[in-house]
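Presented below is the structure to which this report refers.
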Amino acid sequence: MRRLADQIETLRHEDRPPAILRACLELGGTVSRPGDGTHFFEIMLLGAYARGADLVEAARNWLAVARNLAPPEPAPPSAGDPPPARDLELARALGVLARTRDYDDDRLRSACRSVLNLSRDWPANNIARLLLQALDRAPRAEA
């Protein structure tokens, strides 16, 4: 959605409404004109809804909604940039989970929580969740 909004915003103002209409046709969006059960021009495209008194206003409003719903993609890191601290923490936690016999229960719990908080990878999250449940069920060793 953000990429489409960015592409449309590069067009001249008078070319933007026709571009949104074309996108609705190509991508399965809808445009309602006054008299189709509404008093406004309404645009529903890629999950973003906007309306306006005329097609130009509805198109301008749709672009604003699309920008707000889909923030810009972050710039890819350059080859010389160090990885973000979040990525390093996740990599360390995944390393701990890969060698569970080498760490005590508290370190494993901490690694599981880090993975659950930082990872979007379903298998890694599932492993961390199951290991954390097993650790919570196991009796704690007394010092």
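The values are calculated or read from the model by the stated rules, or taken from the named source; none is laboratory data. Source: prediction; values computed, not measured. Cβ placement follows ideal geometry from the backbone for every residue including glycine, while neighbour counts extend to all protein chains displayed. What goes into the accessible areas is simple: the full protein's heavy atoms, side chains included, and nothing from ligands, DNA or RNA. Shrake-Rupley method; radii C 1.70, N 1.55, O 1.52, S 1.80 Å.
How far apart, in nm, are two points set 7 Å out from the Cα along the Cα-to-Cβ line at residue 135 and at residue 69?
Placing both labels 7 Å beyond Cα along the Cβ direction yields 4.0 nm.
Determine the relative contact order of the chain: mean sequence separation of Cα pairs under 8 Å and six or more apart, normalised by residue count, in whole percent.
Numbers: 140 pairs, mean separation 19.4, N = 143.
Rounded, it is 14 percent for the chain.
What net charge is computed for the residues neighbouring residue 103, neighbours being all others with C-beta under 13 Å from the C-beta of residue 103, Lys and Arg scored +1, Asp and Glu -1? Intermediate values should be presented prior to the final figure.
Numbers: positive: 92, 99, 101, 107, 109; negative: 102, 104, 105, 106.
Here the charged neighbours net out to +1.
Using a 1.4 Å probe, how large is the accessible area of residue 87, given in Å² and rounded to the nearest 10?
80
Once Rh is set to the Kirkwood radius over Cα pairs, what Stokes-Einstein translational diffusion coefficient, in µm²/s, holds for the chain at a temperature of 20 °C and a viscosity of 1.002 mPa s? Please report the intermediate quantities before stating the final value.
Working: Rh = 19.3 Å.
Result for D is 111 µm²/s.
Around residue 54, with a cut-off of 11 angstrom between Cβ atoms, what is the net charge of the other residues, counting Lys and Arg +1 and Asp and Glu -1? Walk me through the intermediate numbers first.
Numbers: positive: 33, 51, 60; negative: 57.
Overall, the nearby charge balance is +2.
Taking DSSP loops as anything outside H, G, I, E and B, show the longest stretch in the chain free of trypsin sites (Lys or Arg not before Pro) there with at most 11 other beta carbons within 10 Å. Show your work: numbers first, answer last.
Working: sites that count: 12, 99, 120, 140.
After excluding every exposed loop site, the longest remaining stretch is 13-98.
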